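Only one structure is covered here, and it is reproduced in the block below.
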Amino acid sequence: MSPHPGLAGYRRLLRRPGAASVLLLSLVARLPVSMVPIGLVLLVRAERGSFAAAGIVAGTFAVGTAVGSPVWGRAIDARGQSRLVSVGSAVCAVLVAALALLPGTTVPLAVLAVVALFAGGALPPVTPAARAVWRSMLGEGAALRSALALDAAAVEVLFVGGPVIVGLVLARFSPAAPVLLAALLQVVGGIGYAATDAARAVRPTAVVRAVDPDRPRFEGLIGPLAVGTALAVAFGITDTALAATAREVLHDASRVGLLFTAIAGGSALGGVLFGTRHLTPSAERRALPVLLGVVTIGLLAVPLALRAGAPLLVVLLLLHLTGLCIAPSLIVVMGQVDRAAPDGRLSEAQAWLATATLVGSSAGTPVGGVVVDVLGVPASYAIGALAAGVACLLARHTRGR
């Protein structure tokens, strides 16, 4: 039997000189994004005995990342990415390592928060940079779409793998060890990626002046950014719902990894399969509300299964089926951002999307916690479904524009 033509495209992609190195090193450089926040929460909680203090430190890291991403993206467009990603990764790694060594009770919390803020701000947006590399390496066409789909699917795995690595390291070493490991991965991945021939070959695409009265405007990004933000709110709420399910419903906090793997594994599989389809932009616009509608229905089905006392296998299957449409939705939104970005501003536009999704997920996480405390675990899934439904309506409203 002949291989699936789309999957064969992935194999051809990874056989290209330098392609596998770009993918692997860029993923390593992005792994700390999912490791540092949870690592800081566990470290500061262990050292100071306060989840509030831990939340402040992790939250300021997220704020720094959200604020810094568009600045980094604009600089990458204007000056090229190799040196900037290398320097940013090194500075971020040093500051993250400092956070691992500082959380003793004698260090003022304000100092930790400031260091975390600058560490997040120093973190270069590798996803927009990698998209620029793929575009430079492959040009427009089916190979580029395969690369972007494979990249997006792999990132889904990272967001599960990061916390799992933190847990495994924490089980054998001190609470500072996962944060130090994240710093090491940032250096290895970021500098290694920046040193690849493909990253060094990407030339600046825009000359940005300090005062630019003719600066391109970004009205075309409002639609996809709004969809991405609403979907990220749903993700943040759902993350809290999954953690609460393990603790309150399954009465086994260790099963949270199983729940996350089910939905993220479905997302990664869906992204890989979607990448084999090579739809036109108009077909993607039509598909996006359908994909988001499936996510909404899936999130509504999970609490029904929980209330009915369904076996864990059924809940995992529902989460997996819901996840199948998550990465494809993100792939479409990122493609819309690419097409709406002004000339020479692709990295900045994608960095704005990264900021929007980070803000959305950061807002959704505490909302999910409040809903769990007040209304219970099933209601948190319903509120997550409501946010996904808003994303679906926004996608439907803007698809003809």
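The values are calculated or read from the model by the stated rules, or taken from the named source; none is laboratory data. These figures come from a predicted structure and were not determined experimentally. Cβ placement follows ideal geometry from the backbone for every residue including glycine, while neighbour counts extend to all protein chains displayed.
Scanning the stretch 68-79 for residues that are surrounded by fewer than 20 Cβ atoms within 10 Å (Cβ to Cβ) and either of a type outside the set (A, V, I, L, M) or within 24 Å of Leu43 (Cα to Cα) (or both) returns Arg74, Arg79. Would you pick out the residues in the stretch 53-65 that are touching a Gly at 6+ places or on another chain (Cβ under 8 Å) and crowded, with 19+ Cβ neighbours inside 10 Å? Once the filter is applied, which keeps residues that are touching a Gly at 6+ places or on another chain (Cβ under 8 Å) and crowded, with 19+ Cβ neighbours inside 10 Å, the stretch 53-65 yields Thr60, Phe61, Ala62, Gly64, Thr65. Scanning the stretch 353-368 for residues that are surrounded by fewer than 24 Cβ atoms within 10 Å (Cβ to Cβ) and either over 13 Å from the mean Cα position of the chain (by Cα) or without any contact (Cβ under 8 Å) to a residue 24 or more places away in the chain (or both) yields Ala363, Thr365, Pro366, Val367. Pro216 fulfils the conditions (1) of a type outside the set (Gly, Ala, Ser); (2) modelled with pLDDT of 85 or more; (3) under 22 Å from Ala66 (Cα atoms) except for a single criterion, (2). Would you mind telling me which numbered condition in (1) crowded, with 19+ Cβ neighbours inside 10 Å; (2) modelled with pLDDT under 80; (3) in a helix (DSSP H, G or I) Ala171 fails? Every condition holds for Ala171 apart from (1). Any chance you could count how many residues in the stretch 273-285 are modelled with pLDDT of 80 or more, surrounded by fewer than 21 Cβ atoms within 10 Å (Cβ to Cβ) and hydrophobic (A, V, I, L, M, F, W, C)? Qualifying residue count, the stretch 273-285: 2.
Residue-wise test of (1) at pLDDT below 65; (2) assigned by TED's automatic domain parsing to the domain that holds Ala129; (3) in contact with a strand residue (DSSP E or B) (Cβ under 7 Å, 6 or more places away or on another chain); (4) not acidic (Asp, Glu).
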position: Ala195; (1), (2), (3), (4): no, yes, no, yes
position: Arg203; (1), (2), (3), (4): no, yes, no, yes
position: Ala206; (1), (2), (3), (4): yes, yes, no, yes
position: Ala210; (1), (2), (3), (4): yes, yes, no, yes
position: Leu221; (1), (2), (3), (4): no, no, no, yes
position: Ala230; (1), (2), (3), (4): no, no, no, yes
position: Val233; (1), (2), (3), (4): no, no, no, yes
position: Thr238; (1), (2), (3), (4): no, no, no, yes
position: Ala244; (1), (2), (3), (4): no, no, no, yes
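With respect to being in contact (Cβ under 8 Å) with a residue 40 or more places away in the chain, assigned by TED's automatic domain parsing to the domain that holds Leu42 and assigned to a helix (DSSP H, G or I), Ala110 falls outside the description.
When Gly104 is tested against (1) part of a helix (DSSP H, G or I); (2) assigned by TED's automatic domain parsing to the domain that holds Ser146, only condition (1) is not met. Out of all the residues in the stretch 30-49, is one or more buried (at least 24 other Cβ atoms within 10 Å of the Cβ), of a type in the set (Ser, Thr, Tyr), within 19 Å of Val179 (Cα to Cα) and touching a residue at least 24 places away in the same chain (Cβ under 8 Å)? For the stretch 30-49, residues buried (at least 24 other Cβ atoms within 10 Å of the Cβ), of a type in the set (Ser, Thr, Tyr), within 19 Å of Val179 (Cα to Cα) and touching a residue at least 24 places away in the same chain (Cβ under 8 Å): absent. Any chance the stretch 124-136 includes a residue that's outside the structural domain of Glu348 (by TED's automatic domain parsing), modelled with pLDDT under 90, within 29 Å of Leu259 (Cα to Cα) and not in a helix (DSSP H, G or I)? Yes; the residues of the stretch 124-136 include at least one that is outside the structural domain of Glu348 (by TED's automatic domain parsing), modelled with pLDDT under 90, within 29 Å of Leu259 (Cα to Cα) and not in a helix (DSSP H, G or I). Quick test for you: out of Thr276, Thr238, pick the one residue that is part of a helix (DSSP H, G or I) and hydroxyl-bearing (Ser, Thr, Tyr). The unique qualifying residue is Thr238.
Might you check whether a residue that is under 30 Å from Arg16 (Cβ atoms) and not in a helix (DSSP H, G or I) occurs anywhere in the stretch 68-83? The answer is yes; a qualifying residue exists. The listed residues are Ala305, Ala301, Ala283, and the only one of them that is free of Cβ contacts under 8 Å to residues at least 40 places away in the same chain and out of contact with any helix residue (DSSP H, G or I) (no Cβ under 7 Å at 6 or more places or on another chain) turns out to be Ala283.
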